[in-house]
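The values are calculated or read from the model by the stated rules, or taken from the named source; none is laboratory data. Bear in mind that the values here come from a model prediction, so they are computed numbers and not experimental data. All Cβ positions, glycine included, derive from the backbone under ideal geometry; neighbour counts span all protein chains shown.
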């Protein structure tokens, strides 16, 4: 669909209905597959914590690599949490809620609050007029040029890789997720305080077992590794040069999924640790497809494969793109903006 082409509600509904037969069978959860994934994700994660407890009696040089590996498995735990939030992981809504809450405790994220915000992200991704919920702050060139000097500095700081992939994840998971937003509904407040109590119980227990300082150091390493990897995956899913952004009247759900969400073509081992979330264009096309069915759906039709693939190497250049240029319909760098000016 060409840029600046108005999209009617009927057109949107028609495009989605045409795609339904292609994706319906992949939306059916497999409880057996889900349980195998729980075993090979939560099992090693909990085992690694046991090994770290034993390694503490020997040397920190053994603990640190185990903590880093735990951070990698924490990404898979978050993917399970994520799918439960979409109601796609198990066939039972109750099972999704129970597993989602437990995984939410391990990733320090309130299940109910996150589920609402992430649903808003799926409904608004790529929509310039509905930014601000569950996404990374992205300004247009015009907004940046009209911003005050202080706001420009703040924006540059928040788009800096050190802040975005190290400081922000640690703050978000350890502190930010503990605090309700101003417009939080009663159900979200309950979700946050329930999770806060569960996290407090878990942290207190682990401090008693490991000792206060050892536990805090280990948990900080795990959260930093897992959170940084998670933030990077989320960033690259919607921040690449020819990504899709449109104003509300021109925005189209299917285009936002297939053009505004990346196909992150990772090496198999990284694809496994990231829970297939690199097939993000498929996930945005249908959040009801569990992660263990994303690749099969991607391989099922040429239309799903005819998207721009982002590789591990090419994704590194995305760190330099910060502003959306509405005239050229692409993300641009600060340097390109300065050169154009």
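Residue 225 meets each of the listed conditions (1) within 21 Å of residue 85 (Cβ to Cβ); (2) surrounded by fewer than 23 Cβ atoms within 10 Å (Cβ to Cβ); (3) modelled with pLDDT of 95 or more apart from (1). Flag: residue 50 does not match the condition of being surrounded by 13 or more Cβ atoms within 10 Å (Cβ to Cβ) and modelled with pLDDT of 90 or more. Of all residues in region 328-341, those that are at positive phi and part of a loop (DSSP other than H, G, I, E, B) have Cβ atoms under 8 Å from Cβ atoms of residues that are modelled with pLDDT of 90 or more and surrounded by 15 or more Cβ atoms within 10 Å (Cβ to Cβ), 6 or more apart or on another chain, in 329/245.
One residue alone among 152, 178 is surrounded by 14 or more Cβ atoms within 10 Å (Cβ to Cβ) and under 28 Å from residue 241 (Cβ atoms), and that residue is 152.
Would you check if there is a residue in region 236-247 being over 22 Å from residue 332 (Cα atoms) and surrounded by fewer than 23 Cβ atoms within 10 Å (Cβ to Cβ)? No, region 236-247 has no match at all. Can you confirm whether region 303-322 contains a residue that is more than 19 Å from the chain's Cα centre (by Cα) and assigned to a strand (DSSP E or B)? Looking for residues that are more than 19 Å from the chain's Cα centre (by Cα) and assigned to a strand (DSSP E or B), one finds none in region 303-322, hence no.
Among all positions in region 186-196, there is no residue which is over 26 Å from residue 123 (Cα atoms), without any contact (Cβ under 8 Å) to a residue 40 or more places away in the chain, in a helix (DSSP H, G or I) and in contact with a helix residue (DSSP H, G or I) (Cβ under 8 Å, 6 or more places away or on another chain). One residue is enough: does region 260-278 have a residue meeting the conditions part of a helix (DSSP H, G or I) and either under 30 Å from residue 145 (Cβ atoms) or modelled with pLDDT under 90 (or both)? Checking region 260-278: not a single residue is part of a helix (DSSP H, G or I) and either under 30 Å from residue 145 (Cβ atoms) or modelled with pLDDT under 90 (or both).
In the condition set (1) farther than 21 Å from residue 70 by Cα; (2) surrounded by 19 or more Cβ atoms within 10 Å (Cβ to Cβ), residue 199 is compliant with all but (1). Among the residues of region 173-186, the one identified as at pLDDT 85 or above and over 21 Å from residue 223 (Cβ atoms) is 186.
Within region 281-288, can one find any residue that is outside any loop (DSSP other than H, G, I, E, B) and over 20 Å from residue 87 (Cα atoms)?
If we filter region 281-288 for residues that are outside any loop (DSSP other than H, G, I, E, B), which is where we start, we get 281-285.
From the residues that got through so far, the ones that are over 20 Å from residue 87 (Cα atoms) too are none.
The answer is no; no qualifying residue exists.
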